[in-house]
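This report concerns only the one structure given below.
Please treat every number below as a calculation from the coordinates, not as lab data. This is a predicted model, so every value here is computed, not measured. As a convention, Cβ positions derive from the backbone with ideal geometry for all residues, glycine included, and neighbour counts pool all protein chains shown.
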Amino acid sequence: TVVVASFGAMEQHGAHLPLEPDAFIGQELSPRLDDACKGRLLVLPGQWLGLSTHHMSFPGTINASVDTYLALASDIIGSIAHAGFQKILVLNSHGGNASALDVVLTKCRMQYPDARIVLVTYCNAAAQQLRALRESTEGGMGHAGELETSLLLAAKPKVVRIDRIRPDGKWPTSIFLAKDMLVGGSASVSRTFAEISDHGGVGDPRTASAEKVEQFFAAIVS
């Protein structure tokens, strides 16, 4: 049996989204994935506490320190492997978790060599398909941008403040650094969102719509 463990975050998402989009997205994707696999998966409750140090300039963010997050994720994934499950899908829906979860997989692999553990961040799973579906220009699919806002309009439409939707933030102009969730870079720099955003978002949510979100979900699940 393949076990699906989703990892999200509780953090600010600009002026128009609530604090839980990352957790909501993981919790929405997991059962859709199970349905696509005809109920053959074991879906765990989603983990909402994330590694969100870079969002702490904006209130509402609840953050786990690096050490706490590594221990928490290691214990969750380790518990699954300790129970004898050998196929584990770690479904990540918060970019800030990715590097830490990669370290956790290495640690768990050493401790549970018989387990096959796969980590995927949802937007990376279907990056090519999402690029074909996007309407925003490069930089528009950032934090609280077109993709996340669209997914929330479908999963939790009542929590989206339509009247507050507006573009925010700036991605770096350097060709070596990432431009948004779908346009990565060859180098990385640690920055807080206060350095790159006015209201906590980075991207253009104006192109978000519930109408195309099923295409987004279908691409990611597939």
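Could you give the dipole magnitude of segment 1-127 about its Cα centre, charging the beta-carbon of Lys and Arg +1 and that of Asp and Glu -1, in debye to the nearest 20? Show your work: numbers first, answer last.
Values: 7 positive and 10 negative charges, 87 e Å.
Around 420 debye, computed over segment 1-127.
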*What residue among Tyr69, Tyr112, Tyr122 shows peak mean-square fluctuation when the chain is described by a Gaussian network model with Cα springs under 10 Å?*
Tyr112
*Give the Debye-formula value of log10 I(q)/I(0) at each listed q (0.09, 0.19, 0.21 Å⁻¹), with one equal scatterer per alpha carbon of segment 1-147, two decimals each.*
-0.29, -1.18, -1.35
_How large are Rg and Dmax for segment 111-222 when calculated on the C-alpha trace, in angstrom?_
15.4, 51
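Restricting to DSSP H runs of at least four residues, report the calculated mean residue ellipticity at 222 nm for the chain, -39500 (n - 2.57) per run over all residues, nearest 500 deg cm²/dmol.
It comes out at -11000 deg cm²/dmol, rounded to the nearest 500.
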*asked:* In segment 1-68, if the dipole is taken from +1 on Lys/Arg beta carbons and -1 on Asp/Glu beta carbons about the Cα centre, which of Ala5, Leu19, Gln47 is farthest to the positive end?
replied: Ala5
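Calculate the translational D of segment 121-183 in whole µm² s⁻¹ from Stokes-Einstein, where the hydrodynamic radius comes from the Kirkwood formula applied to all Cα pairs, the temperature is 25 °C and the viscosity 0.890 mPa s. Each step should come with its number before you reach the end.
Details: Rh = 12.7 Å.
So the translational diffusion coefficient is about 194 µm²/s.
Which is the longest run of the chain containing none of the trypsin sites (Lys or Arg not before Pro) found in DSSP loop states (not H, G, I, E, B) with at most 15 other C-beta atoms within 10 Å? Let's see the in-between values first.
Working: sites that count: Lys38, Arg40, Arg161, Lys170, Arg191.
It runs 41-160.
Around Ala15, with a cut-off of 10 angstrom between Cβ atoms, what is the net charge of the other residues, counting Lys and Arg +1 and Asp and Glu -1? Numbers along the way, then the final one.
Details: positive: Arg161, Arg164, Arg166; negative: Asp163, Asp168, Asp198.
So the environment of Ala15 carries a net charge of 0.
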*Let me know the charge dipole size of segment 65-222 about its Cα centre in debye, to the nearest 20, where only the beta-carbon of Lys, Arg (+1) and Asp, Glu (-1) is charged.*
160
*Rank Ala154, Ala98, Ala132 by mean-square fluctuation in a GNM of the chain with C-alpha springs under 10 angstrom and give only the top-ranked residue.*
Ala132
